[in-house]
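Bear in mind these aren't lab numbers, they're just calculated from the coordinates by the rules spelled out. Since this is a predicted model, take the numbers as computed values, not measurements. Don't worry about glycine lacking a Cβ; one is built from the backbone with ideal geometry, like all the others, and counts go over all protein chains shown.
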Amino acid sequence: MTGVLDGALIAAAGALAAIVGTAGGITSLISYPALLAVGVPPLAASVANNVALVACWPGSALASGPELEGRGGWLWRWAWVAAAGGATGAALLLSTPSQAFGRIVPFLVAVGSLALLAQPWISARCRRHVLGSAPVLLAGLLAVSAYNGYFGAGAGVMTLGLLLVTVDDRMARANALKNMLVGAASVLSALTFVLLGPVDWRVVAPLGMGMLAGSVIGPRLARRAPAGVLRWLAALLGLGLAVSLWLTPA
């Protein structure tokens, strides 16, 4: 990052990324490449992206009141699971080489995107046995949140797919819950980075400000747009990110 112009670009990318991410897409599809484009090294970009994602939490919470009504108790219980997973992933990123993990990231994102496309079919066949299954949600949320803390690209899509199958098959409601759980994971992973690793605040500050602004818009967009359209857009964005990460590993 070299100056005011780069800061403005990062802020704009953060706003657009938050709109896409909090509406059901993939935030890092926009924010992570933007950081690389202004010269931030891959590892530093991943850390900065994770820390800045915290800014999406309050904005999306304010914009998702109708979808979150009556869900306070449920969110309080499961936010701690997501937070534990996020902190675990952040600790792993700081203590292990990222090259090997970077090789499988595209495949994880692709699987999450394809799962999102298959969600109506999966829900129709698994509702009787899976919907509301705490063990499935617990294992899945821990795994996805750990991935979120480690790298994060596509974690929102994976979390959304998990919630659509196990908690609520209504797109707007599942998306609102996803935003809160991803936010909880981001807070603990960001705290881990701040305490244990280097954070480039010159990058995090404009990215976070942009994400805060954009996160207020995304849930409102998810509320008004057809669920099928959002599902396809999110899945196609995820597959596009998978191809991009496969061609240029993180």
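Can you tell me the relative contact order of region 4-247? Whole percent, Cα pairs under 8 Å, sequence separation 6 or more.
Worked out over region 4-247, it gives 43 percent.
Could you calculate the FRET efficiency of ARG220 with ALA8 from 1/(1 + (r/R0)^6), where r is the beta carbon distance between them and R0 is 22 Å, rounded to 0.05?
Step by step, r from the Cβ atoms, then E = 0.35.
Using 0.36 nm times the number of residues separating TRP76 and ALA134, minus their current alpha carbon distance, what extension gain do you get?
Difference between extended and current length: 19.4 nm.
If you stretched the chain out fully between LEU114 and VAL243, how much longer would it get, using 0.36 nm times the residue separation minus the C-alpha to C-alpha distance?
Using 0.36 nm per residue and subtracting the Cα-Cα distance, I get 45.1 nm.
With no solvent and one point on each alpha carbon, what is the Debye value of log10 I(q)/I(0) for region 1-83 at q = 0.19, 0.26 Å⁻¹?
Each listed q corresponds, in turn, to -0.87, -1.28.
Let me know the Rg and Dmax you get for region 4-247 when you use only its Cα atoms, in Å.
Looking at region 4-247, its Cα Rg and Dmax stand at 16.3, 55 Å.
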